[in-house]
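The values are calculated or read from the model by the stated rules, or taken from the named source; none is laboratory data. Every value quoted in this text rests on a predicted model; they were computed, and no experiment measured them. Note: ideal-geometry Cβ built from the backbone for every residue, glycine included; neighbour counts use all protein chains shown. Only protein heavy atoms, including side chains, enter the accessible area calculation; ligands, DNA and RNA are left aside. Shrake-Rupley method; radii C 1.70, N 1.55, O 1.52, S 1.80 Å.
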Amino acid sequence: MEAIKGTGGIKTTIAQRLGVSRWTVDNYLERWKTVEEVYNEECEAVLDMAETNLIQEIEDKNFLAIKFYLQTKGRARGYVERQEVTGKDGGAIETKATV
């Protein structure tokens, strides 16, 4: 479990610290619940750090950070980019099956 701390959840880094393969790390995570919990905590810590930095960028008025936040967290308020795909002149999309 100590090998997980400070890795950001990167399984290859954990494996290198232990001198095992990445697949062995996956096996550890599946087999031992306590190891999986430590791994998940490490991943959540990185996510928290990313969110903290994103909020800082928003506070600094970084347009791309603001746009990203609104498109993800602000979806319920209508901040969504979407594309409508139609056929020719707005009609139905024609498909042909080949056998």
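Between LYS5 and ASP26, what length comes free when the chain is fully extended (0.36 nm per residue of separation minus the Cα-Cα distance, one decimal in nm)? Could you put the intermediate results ahead of the total?
Values: separation 21, 0.36 × 21 = 7.56 nm, distance 1.59 nm.
Additional length available on full extension: 6.0 nm.
I'd like the distance separating the alpha-carbon centroids of the range 61-94 and the range 16-54, in whole Å. After rounding, the separation between the Cα centres reads 33 Å.
Treating only the Cβ of Lys, Arg, Asp and Glu as charged (+1, +1, -1, -1), what charge dipole size does the chain show about its Cα centre? Round to the nearest 20 debye.
Numbers: 14 positive and 17 negative charges, 64 e Å.
Charge dipole, the chain, about its Cα centre: 300 debye, nearest 20.
Here VAL46 sits with roughly 50 square angstrom of accessible surface, probe radius 1.4 Å.
Of the heavy-atom accessible surface of the chain (probe 1.4 angstrom), what whole percent is carbon and sulfur?
Details: 4370 of 8410 Å².
Solvent-exposed carbon and sulfur of the chain make up 52 percent of the total.
Mean projection of the Cα convex hull over all viewing directions, computed for the range 4-60: 4.1 nm². Estimated from helices alone, the mean residue ellipticity of the chain at 222 nm is -18000 deg cm²/dmol (sum of -39500 (n - 2.57) over DSSP H runs with n ≥ 4, per residue). Per residue, the solvent-accessible area of the chain (1.4 Å probe, heavy atoms of protein chains only, all protein chains present) comes to 85 Å².
Got a number for the accessible area of ASP48? Probe 1.4 Å, square angstrom, nearest 10. Taking all protein chains as shown, ASP48 has close to 80 Å². Positive end of the dipole of the range 1-87 (Cβ unit charges, origin at the Cα centre): among VAL46, VAL20, ALA76, the Cα lying farthest that way belongs to ALA76.
May I have the count of lysine pairs in the chain with C-alpha atoms under 18 Å apart, counting pairs 8 or more residues apart or located on different chains? Show your work: numbers first, answer last.
Values: LYS5/LYS33; LYS11/LYS33; LYS61/LYS73; LYS88/LYS96.
Lysine pairs, 8 or more places apart or on different chains, close enough: 4.
Once the gyration tensor of the Cα atoms in the chain is diagonalised, the equivalent ellipsoid follows with semi-axes of 40, 26, 11 Å, ordered largest first.
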